[in-house]
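Chemist: Take this structure first; my questions come after.
The values are calculated or read from the model by the stated rules, or taken from the named source; none is laboratory data. Source: prediction; values computed, not measured. Neighbour counts run over all protein chains shown; Cβ positions are idealised from the backbone, glycine included.
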C-alpha cells in the first residue's frame, strides 16, 4: 500500500470509554452515532418475508429497486434530466472506494470532515487536499467531496455554495460527489440536494444517500448513489467484477423504506427533541453550539482542547467524540443516537455538574 492508513481513530477513545463505564449509573454513549431506535416493523417484515433468497442478487439492483430510487430521487431530491441510480452496501464502502473506482489522481475533501474521505483517497494512492466550503477557491482536481448536512458539524450548504461547486465541476471537468446521508434530518434549516441545483444537467455530479440513519437500517447496509448516468455505469462495471452486491432481501427492504416518509418524520422528531433536551444543559456547562442545523449531532465547544471536553464528559459517564477525529481540535461531536431516557439522564448529569 502506497500510503499508510492512519490509526483507527476510535481506538484512541477507548480509555475515555473505560472512564465513562465506571460511572455509578452507567455509561451513556453519544460517540459513534450508531442508531438505537427500532427498525420500523414494516421494513423488518419485508426482510423476513424475503429470507428465502438462494440466488445471487443483481449488482445494479432489481428493476423494482431502481424504480423506487428513481422516483424517490425525483420527489425528494429534485433530481431531473437524465440520471442513473445504483444500490450500495452502505455508504461508507462507497466513500472509501470511489476514488479507486474512478482512478482519481487528485481528491479534494472538506477541512472538517468525515475521515473516510481522506482514507478513500489514500486507498487509491491519490493526492488528497483539504479545502474550505467556497468552491470558487478550490484547485483543479479529479474528484471533490461536499457533505451537507455535514458530519460532524451539521452545517447545511446554501444554494450559492452548491452552485459554486457545480461551476467548479463545469470549469475543471472534476467530479463533485455530494454526501447527503442526513438530508432528511433538518432542524433549523431544511437541507437540499445538489441534484436540485444542476438544472437537469447531471454530468460529473453524484449524490450519495444512506438508509442507515433515515430508516434505522445501519445493520442492513443499505445505501445508493444517484447522478451522472455515465459515471454510474462506469462504477457499476467495477462493482460487478468485485462482487459488490446488495443482498436481495435488503434490496426489497430498501423498496419498502423508500415508499414511506412517516417513519422518517418520526425519526427526525426524535433527534431534534433530543437536541432540544441537551442544548440547554451544554450551554449551562459553558459550551457553545456551532452549526448543528441538521443531522443527528451537536457540534459543541468550550474553546479548550477537545480531549479536555471529552474527559470532562467521561467523568460524568458520558462519551462524546473529539473533534480532532474530523480535523478540529476544539470541538466535540455529540450524537443523538441514544434513547430518550438516556438523553434526559445525560442532560441531568451535565446540568448537575454545571451547577456544582
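Chemist: Taking the range 166-196 only, how many residues are surrounded by 19 or more Cβ atoms within 10 Å (Cβ to Cβ) and closer than 17 Å to residue 77 by Cα?
Modeler: Number satisfying all stated conditions: 16.
Chemist: Given the criteria assigned by TED's automatic domain parsing to the domain that holds residue 144 and surrounded by 14 or more Cβ atoms within 10 Å (Cβ to Cβ), does residue 17 qualify?
Modeler: No: the conditions fail for residue 17.
Chemist: Still on this structure: Go over the candidates 279, 289, 324 one by one and state the one that is under 26 Å from residue 216 (Cβ atoms), modelled with pLDDT of 95 or more and part of a helix (DSSP H, G or I).
Modeler: Working: 289 fails: part of a helix (DSSP H, G or I); 324 fails: under 26 Å from residue 216 (Cβ atoms).
Exactly one of 279, 289, 324 is under 26 Å from residue 216 (Cβ atoms), modelled with pLDDT of 95 or more and part of a helix (DSSP H, G or I), namely 279.
Chemist: Just need a number here: residues in the range 139-155 that are farther than 19 Å from residue 91 by Cα and crowded, with 19+ Cβ neighbours inside 10 Å.
Modeler: Looking only at that region, the number is 3.
Chemist: Answer yes or no: is there a residue in the range 2-18 that is assigned to a loop (DSSP other than H, G, I, E, B), at pLDDT 95 or above and within 21 Å of residue 339 (Cα to Cα). Outline the logic, then answer.
Modeler: At the first step, the residues of the range 2-18 found to be assigned to a loop (DSSP other than H, G, I, E, B) are 2-9.
Checking the rest, the ones that are also at pLDDT 95 or above come to none.
Checking the range 2-18: not a single residue is assigned to a loop (DSSP other than H, G, I, E, B), at pLDDT 95 or above and within 21 Å of residue 339 (Cα to Cα).
Chemist: It is to be established whether one or more residues within the range 218-231 are surrounded by fewer than 19 Cβ atoms within 10 Å (Cβ to Cβ) and more than 28 Å from residue 45 (Cα to Cα).
Modeler: Looking through the range 218-231, at least one residue is surrounded by fewer than 19 Cβ atoms within 10 Å (Cβ to Cβ) and more than 28 Å from residue 45 (Cα to Cα).
Chemist: For the range 90-107, check the following and say yes or no: at least one residue is outside the structural domain of residue 324 (by TED's automatic domain parsing), closer than 27 Å to residue 148 by Cα and at pLDDT below 95. Explain how you work it out, then say what you get.
Modeler: The initial filter retains those residues of the range 90-107 that are outside the structural domain of residue 324 (by TED's automatic domain parsing), namely 90-107.
Of the ones still in play, those that are also closer than 27 Å to residue 148 by Cα are 90-107.
After this cut, where a residue has to be at pLDDT below 95 as well, the list is none.
No, the range 90-107 contains no residue that is outside the structural domain of residue 324 (by TED's automatic domain parsing), closer than 27 Å to residue 148 by Cα and at pLDDT below 95.
Chemist: Ok, one more. Run residue 44 past the list (1) within 22 Å of the chain's Cα centre (by Cα); (2) assigned to a helix (DSSP H, G or I) and report the number of the one that doesn't hold.
Modeler: (1)
Chemist: Considering only the range 123-146, state which residues are under 22 Å from the mean Cα position of the chain (by Cα), free of Cβ contacts under 8 Å to residues at least 24 places away in the same chain and over 15 Å from residue 157 (Cα atoms).
Modeler: Of everything in the range 123-146, those that are under 22 Å from the mean Cα position of the chain (by Cα), free of Cβ contacts under 8 Å to residues at least 24 places away in the same chain and over 15 Å from residue 157 (Cα atoms) turn out to be 128, 129.
Chemist: Whether any residue in the range 210-223 is in contact with a helix residue (DSSP H, G or I) (Cβ under 8 Å, 6 or more places away or on another chain), under 17 Å from residue 75 (Cβ atoms), outside any loop (DSSP other than H, G, I, E, B) and in contact (Cβ under 8 Å) with a residue 60 or more places away in the chain is what I want to check. Walk me through how you get there before you give the answer.
Modeler: Step one: filter the range 210-223 for residues in contact with a helix residue (DSSP H, G or I) (Cβ under 8 Å, 6 or more places away or on another chain), giving 210-217, 220-223.
Next cut, under 17 Å from residue 75 (Cβ atoms) only: 211, 214-215.
Cutting the leftovers down to outside any loop (DSSP other than H, G, I, E, B) gives us none.
Within the range 210-223, not a single residue is in contact with a helix residue (DSSP H, G or I) (Cβ under 8 Å, 6 or more places away or on another chain), under 17 Å from residue 75 (Cβ atoms), outside any loop (DSSP other than H, G, I, E, B) and in contact (Cβ under 8 Å) with a residue 60 or more places away in the chain.
Chemist: Hey, another quick one. Residue 33 - would you say it is in a loop (DSSP other than H, G, I, E, B), in contact (Cβ under 8 Å) with a residue 24 or more places away in the chain and touching a strand residue (DSSP E or B) at 6+ places or on another chain (Cβ under 7 Å)? Give the steps one after another, and end with the answer.
Modeler: Details: in a loop (DSSP other than H, G, I, E, B): yes; in contact (Cβ under 8 Å) with a residue 24 or more places away in the chain: yes; touching a strand residue (DSSP E or B) at 6+ places or on another chain (Cβ under 7 Å): yes.
Taking the combined requirement at face value, the residue satisfies it.
Chemist: Being in the same structural domain as residue 254 (by TED's automatic domain parsing) and exposed (fewer than 13 other Cβ atoms within 10 Å of the Cβ) is the requirement here; does residue 50 meet it?
Modeler: No.
Chemist: Just to check your reading of the model, which residue among 125, 74 is modelled with pLDDT of 95 or more and either in a loop (DSSP other than H, G, I, E, B) or in contact with a helix residue (DSSP H, G or I) (Cβ under 7 Å, 6 or more places away or on another chain) (or both)? Break it down into steps so the answer makes sense when it comes.
Modeler: Working: 74 fails: either in a loop (DSSP other than H, G, I, E, B) or in contact with a helix residue (DSSP H, G or I) (Cβ under 7 Å, 6 or more places away or on another chain) (or both).
Exactly one of 125, 74 is modelled with pLDDT of 95 or more and either in a loop (DSSP other than H, G, I, E, B) or in contact with a helix residue (DSSP H, G or I) (Cβ under 7 Å, 6 or more places away or on another chain) (or both), namely 125.
Chemist: Within the range 315-345, take every residue that is farther than 25 Å from residue 115 by Cβ and in contact with a strand residue (DSSP E or B) (Cβ under 7 Å, 6 or more places away or on another chain) and give me the one that is surrounded by the most Cβ atoms within 10 Å (Cβ to Cβ).
Modeler: Of everything passing the filter in the range 315-345, 317 is surrounded by the most Cβ atoms within 10 Å (Cβ to Cβ).
Chemist: Would you be able to tell me the number of residues in the range 293-314 that are in contact with a helix residue (DSSP H, G or I) (Cβ under 7 Å, 6 or more places away or on another chain) and surrounded by 19 or more Cβ atoms within 10 Å (Cβ to Cβ)?
Modeler: Total satisfying the criteria: 6.
Chemist: Please tell me if residue 23 is surrounded by 14 or more Cβ atoms within 10 Å (Cβ to Cβ), in a loop (DSSP other than H, G, I, E, B) and out of contact with any helix residue (DSSP H, G or I) (no Cβ under 6 Å at 6 or more places or on another chain).
Modeler: yes
Chemist: Scanning the range 26-35 for residues that are at pLDDT 95 or above and surrounded by 14 or more Cβ atoms within 10 Å (Cβ to Cβ), which turns out farthest from the chain's Cα centre (by Cα)?
Modeler: My answer is 27.
Chemist: Conditions: (1) outside any helix (DSSP H, G or I); (2) in contact with a helix residue (DSSP H, G or I) (Cβ under 6 Å, 6 or more places away or on another chain); (3) surrounded by fewer than 22 Cβ atoms within 10 Å (Cβ to Cβ). Residue 207 meets all but one. Number of the miss?
Modeler: So residue 207 meets the others, but not (3).
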